[in-house]
Amino acid sequence: MKKLLFILSCLILTSGLWAQEPVNEELVEAIRKHGLDQSQAMKTAQLMMDVYGPRLTGSPMLEKATEWAVSQLEEWGLENVHTEEWGPFGRSWELQHFEMHAHTPTYWSVIGVPKAWSPSVKADEAEVIYLEANTKEELDAYKGKLKGKIVLVDTLRSIEEWFDAPARRYESDDLLDMANADMPTPRPRRNYNTTGGFSFNKYLWETLAEEDPIAVLDRSYKGDLGTVFVSGARTGEWGSYREEGTKVVPQITLAVEHYNRIFRLLQQGIPVKLSLDLKARYYNPDDGMERNIIAEIPGTDLKDEVVIFGAHFDSWHAATGATDNGAGSTVMMEAARILQEVIKETGVKPRRTLRLALWTGEEQGLYGSRGYVGEHYAEFPEGTYNPQSIKPAQEKVSAYYNLDNGTGKIRGVYLQGNQAVSPIFRSWLEPFKDLEAGTLTLSNTGGTDHLAFDAVGIPGFQFIQDPMAYFTRTHHSNMDNLDHLVEDDLKQAATIIASFVMHTAMRDELLPRKPLDLEEAKSEE
């Protein structure tokens with residue numbers, strides 16, 4: 001009996017090996033050669049960040065960066081290189097000049113960054129006041145007192161000194177916890193209807209627009225040592241700063257140390273006067289339409305099916321958008337270049353068409369990827385991103401792969417609850433164990449463009465990346481520059497993604513999918 005059980009066990013193990021997802025070792029070897037030994041990732045990154053950063057959606061620099069990327073992809077031999085419009089996005093904005101100085105009780109140069117879509121303003125030695133109001137009645141007491149003033153709206157923030165490095169890599173316990181995560185609970189679909197009820201913040205910004213101060217100053221909830229985290233300006237309605245004719249009060253986020261100094265002086269009854277010179281411009285070319293970048297490597301016998309890999313190309317304006325998300329865009333462009341070289345060297349062409357996508361408008365709400373998905377793969381009721389119906393082309397997409405969590409190396413994949421792909425991805429990660437990539441987690445991760453594809457039933461994945469100092473130092477900050485990219489991490493990520501893309505293209509079948517319940521989506525609109 002024991003002998004029979006042993007034989008059955010061997011048969012089960014052997015059949016498991018026979019069923020294992022195949023890995024093309026020739027392709028992996030060639031991909032590693034071009035990705036690790038002959039990388040051009042940092043060359044691409046230097047151009048993208050130092051020459052074409054920042055890339056704020058709608059800005060002239062994004063337009064220049066787009067033309068460069070299209071030219072570069074064509075030079076590498078990709079086909080069907082083009083841009084696709086989405087929108088309208090609304091009015092665009094460009095920062096042209098900024099400086100701020102304190103004059104009393106002594107002089108110093110103030111570190112700060114204007115919020116995007118802040119208008120031009122110039123003032124010499126203007127008085128600073130603190131707006132201390134938490135209710136409508138307290139705020140109303142300031143009416144008639146703000147015009148011609150520079151207004152502080154935040155309280156003092158205490159700073160803790162760093163005794164540990166802000167950057168870190170995942171340790172084995174972190175990765176084990178991810179690997180052991182349960183199947184994620186489905187997220188409720190969001191209802192963005194915000195009508196009804198009093199909102200103090202809305203009333204605050206409406207009042208500020210009416211009172212017309214010179215500028216409003218705040219400080220971020222995080223950051224120190226001169227690092228400033230900043231994004232878009234505030235108005236009464238979220239996102240309305242892009243609407244033509246909307247009045248935006250000039251807004252500047254200061255380094256916390258400088259904000260605290262001004263705040264403490266005012267609390268002691270010591271007057272503070274600041275001068276500032278902010279030059280910016282609004283404009284609205286092409287009726288506010290924006291562009292994604294698309295390029296392809298044609299498939300062969302399954303060319304009507306596609307494997308999409310992408311990242312968002314846009315950034316915020318305070319730095320050059322290196323870790324968010326020049327790193328991801330660099331890696332995806334490099335993966336495309338690697339695949340071109342591998343095809344030339346091996347003669348092995350992908351069965352499915354490989355499609356690179358560089359999105360814009362991600363920072364304002366995944367607009368570029370959602371616009372693309374709405375154009376090609378699903379119908380959305382106006383004002384929602386819950387699919388109403390699915391277009392035929394949706395069935396032809398095997399997978400969408402995304403990278404958007406900074407410069408950290410890939411450690412594995414978030415499966416977004418798609419348990420069926422786990423054995424496939426495990427096989428594909430096996431050749432990269434020496435590069436410390438081997439973790440699969442059923443967990444969801446959010447906040448970036450794979451969600452647009454996942455929402456319409458296309459297998460969409462974001463890779464697990466080492467956190468580095470992404471959220472503590474670079475993400476949306478004035479320090480998001482090329483210097484914080486790790487070249488070896490970019491090489492490792494591009495190599496692994498190129499292999500995933502090619503192996504997805506070579507399978508006999510599309511990747512397994514999660515069920516998509518359109519009726520549930522409609523009922524929750």
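Between segment 466-487 and segment 310-326, how many Å separate their Cα centres?
Using only Cα atoms to place each centre, the spacing works out to 11 Å.
Regarding segment 94-137, what is the average projected area of its C-alpha convex hull, in nm²? Numbers along the way, then the final one.
Values: hull surface 19.4 nm².
With the hull built on Cα positions only, its mean projection is 4.9 nm².
Divide, for segment 167-294, the radius of gyration over alpha carbons by 2.2 N^0.38 Å, where N is the residue count. Intermediate results must be reported in sequence, preceding the final value.
On the way: Rg = 21.1 Å, N = 128, 2.2 N^0.38 = 13.9 Å.
Normalised by 2.2 N^0.38 Å, the Cα Rg of segment 167-294 equals 1.52.
For a quick protection proxy, order the peptides 369-376, 74-81 by their average other-Cβ count within 10 Å, most packed first. Before the final figure, lay out each step's value.
Details: 369-376: 21.1, 74-81: 15.4.
Per-residue mean Cβ counts within 10 Å order the peptides as 369-376, 74-81.
What are the semi-axes of the equivalent ellipsoid for segment 378-525, taken as the square roots of 5 times the Cα gyration tensor eigenvalues, largest first, in whole Å?
Details: eigenvalues 165, 89, 30 Å².
Largest first, segment 378-525 gives 29, 21, 12 Å.
Report the Stokes-Einstein translational diffusion coefficient (µm² s⁻¹, integer) for segment 260-373, Rh taken as the Kirkwood radius over Cα pairs, at 10 °C with viscosity 1.306 mPa s.
Values: Rh = 17.9 Å.
It comes out at roughly 89 µm²/s.
If you look at just the Cα atoms of segment 71-195, how large are its Rg and its Dmax in Å?
Final numbers for Rg and Dmax: 24.7, 65 Å.
Expressed as a fraction of 2.2 N^0.38 Å, the rule-of-thumb size for a compact globular protein of N residues, what is the C-alpha radius of gyration of segment 307-392? Write out the running numbers ahead of the final one.
Numbers: Rg = 16.0 Å, N = 86, 2.2 N^0.38 = 12.0 Å.
Ratio of Cα Rg to 2.2 N^0.38 Å: 1.34.
Using θ = phi - 60° and the Karplus relation 6.51 cos²θ - 1.76 cosθ + 1.60, list the HN-Hα couplings for segment 413-423 in order, rounded to whole Hz, with x at every Gly or Pro.
Those phi angles translate into 9, 7, 7, 6, x, 8, 5, 5, 7, 4, x Hz.
Of the listed pairs Lys122/Lys143; Lys391/Lys491; Lys122/Lys202; Lys202/Lys273; Lys145/Lys247, which have alpha-carbon separations greater than 31 Å here?
Details: Lys122/Lys143 22 Å; Lys391/Lys491 36 Å; Lys122/Lys202 26 Å; Lys202/Lys273 28 Å; Lys145/Lys247 19 Å.
With Cα atoms farther than 31 Å apart: Lys391/Lys491.
Using the alpha carbons of the chain, what is the convex hull volume per residue in cubic angstrom, as a whole number?
Values: hull volume 95.0 nm³, N = 525.
In the chain, the Cα hull volume divided by residue count equals 181 Å³.
Of the listed peptides 56-65, 43-52, 177-186, what is their order by residue-averaged count of other C-beta atoms within 10 Å, with the highest listed first? Mind showing how you got there, number by number?
Details: 56-65: 21.6, 43-52: 18.6, 177-186: 12.2.
Sorting 56-65, 43-52, 177-186 by mean packing, highest first, produces 56-65, 43-52, 177-186.
So how far, in whole Å, is the C-alpha centre of segment 242-261 from the one of segment 440-454?
What the calculation gives is 32 Å, centre to centre.
Give me the number: length gained by fully extending Trp162 to Glu395, i.e. 0.36 nm times residue separation minus the C-alpha to C-alpha distance, one decimal in nm. Intermediate values should be presented prior to the final figure.
Values: separation 233, 0.36 × 233 = 83.88 nm, distance 5.05 nm.
Net length gain for the segment: 78.8 nm.
Find the eigenvalues of the gyration tensor of the Cα atoms of segment 220-290, then list the square roots of 5 times those eigenvalues as equivalent ellipsoid semi-axes, largest first, in whole angstrom.
Details: eigenvalues 193, 43, 28 Å².
Its equivalent ellipsoid spans semi-axes of 31, 15, 12 Å.
Mind ordering 497-506, 251-260 by average Cβ neighbours within 10 Å, highest first?
Values: 497-506: 25.5, 251-260: 22.7.
Going by the mean number of other Cβ atoms within 10 Å, highest first, we get 497-506, 251-260.
Read-outs throughout are calculated quantities, based only on the coordinates presented, and are distinct from any laboratory measurement. All figures in this text were calculated on a predicted structure; none of them were measured in a lab. Glycine gets a Cβ as well: all are built from the backbone with ideal geometry, and neighbour counts include every protein chain shown.
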